[in-house]
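After the structure tokens below, expect a handful of questions from me.
The values are calculated or read from the model by the stated rules, or taken from the named source; none is laboratory data. Predicted model only: the values in this text are computed from it and were never measured. Positions of Cβ are backbone-derived with ideal geometry, glycine not excepted, and every protein chain shown enters the neighbour counts.
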Amino acid sequence: MTAVVSGPREIKKVGVVGAGQMGQGIAQVAAQAGCDVIIVDAAPDFAQQGVAKIKKQLDRLVEKGKLDGAARDATMGRLKHGSTHRDFHDCDLVIEAAPEKEELKLAIFKSLGEVCKDDAILASNTSSISITKIAAASGRADRVIGMHFMNPVPVMKLVEIVRGLPTSDATNATVTALAQRFGKTTIGARDIPGFIVNRMLIPLLNEACYGLYEGLGTAADIDTGVRLGLNHPMGPLELADLIGLDTCLAIAEVLHRELGDDKYRPCPLLRQYVAAGWLGRKVGRGFYSYDPQGVKS
């Protein structure tokens, strides 16, 4: 007898853990795709501010003629903020977009596994941490998957779908279909640290840091060389500032620790910038300085 694999489930309500830049972007594309969305952050005020920032982003799209007012209002009508993980109790899918810290993500998934309805799917936006390990913490390992969005989420078209060892076919089919409903192109990646994109990207960014550290050129020289010499849309140091130097360091540390290869060893200058609090565009200073609107100065 041929085994029957169930198709994707319909996802109507989505929860988002984390109201930072990635969480806001994920919530925005989910709401624009017609899902009801609730955002929860460890700081409830931050979740409320996240919804307000999404409104500003949509307002800008209306001003530029890329979105009409009715669509903006409908999107905002599907967005709300909550205060605890228990507010996800009726969500069909919850996407975690918390900082790239393993202990934090494991704690979040343990909590979500306890409070979400039994058939809810739990997805992580992690860019490097083991989905299999995260899934084990949830108590529902077959319904956990990686859903790695690129930054900025509303603009970037790619989502990496990462299956842990126990992830079911039904979970994979449902999440892949949802990402495509969001207007994204999906790729499948093995659950190996860094997956596909960051396995290639982080060594590039780290090598650019070494180039600056060793005086090969200025930050502007290095970035211009990559943009014009390799035809990249953005230089690696400017991209690191956009991602967040703390996030870049965290991913590099995971790659170095889990894969055990010194080619992933984080540059001392990257560690120094993070120690100084120069985390990139989000704080106004990284390899470059930025004004309050995030424009490089």
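ILE134 versus (1) in contact with a Phe, Trp or Tyr (Cβ under 6 Å, 6 or more places away or on another chain); (2) touching a residue at least 40 places away in the same chain (Cβ under 8 Å); (3) farther than 30 Å from LEU61 by Cβ: which is the lone unmet condition?
Among (1) in contact with a Phe, Trp or Tyr (Cβ under 6 Å, 6 or more places away or on another chain); (2) touching a residue at least 40 places away in the same chain (Cβ under 8 Å); (3) farther than 30 Å from LEU61 by Cβ, the lone unmet condition for ILE134 is (2).
For the range 64-80, give me each residue that is part of a helix (DSSP H, G or I) and of a type in the set (A, V, I, L, M).
ALA70, ALA71, ALA74, MET76
Could I ask something else about it? Of the conditions (1) without any contact (Cβ under 8 Å) to a residue 40 or more places away in the chain; (2) on the phi < 0 side of the Ramachandran plot, GLY215 fails just one. Which one is it?
If we test GLY215 against (1) without any contact (Cβ under 8 Å) to a residue 40 or more places away in the chain; (2) on the phi < 0 side of the Ramachandran plot, just (2) comes out false.
Restricting attention to the range 255-297, which residues are part of a loop (DSSP other than H, G, I, E, B), on the phi > 0 side of the Ramachandran plot and at pLDDT 95 or above?
Hits for the range 255-297 are GLY260, GLY277, GLY284.
Search the range 24-63 for residues being part of a loop (DSSP other than H, G, I, E, B) and at pLDDT 95 or above, and hand back the single one that is farthest from the chain's Cα centre (by Cα).
GLY34
Let me ask another. Looking at (1) closer than 30 Å to ALA120 by Cα; (2) at pLDDT 95 or above, find the lone condition where ALA252 falls short.
(1)
Only one of ARG163, ARG143 is crowded, with 23+ Cβ neighbours inside 10 Å, of a type in the set (Lys, Arg), assigned by TED's automatic domain parsing to the domain that holds ALA52 and more than 22 Å from GLN48 (Cα to Cα). Can you tell me which?
ARG143
Sticking with this one: Taking only the range 170-202 into account, find how many residues are more than 30 Å from LYS13 (Cα to Cα) and touching a Gly at 6+ places or on another chain (Cβ under 9 Å).
Residues that pass the stated criteria total 3.
Now for a separate question. Under 6 Å between Cβ atoms, which residue pairs at least 6 apart in sequence (or on different chains) link something in the range 165-191 that is touching a residue at least 12 places away in the same chain (Cβ under 8 Å) and closer than 19 Å to SER130 by Cα with a partner that is of a type in the set (Phe, Trp, Tyr) and crowded, with 16+ Cβ neighbours inside 10 Å?
From the range 165-191, the pairs are ALA189/PHE195.
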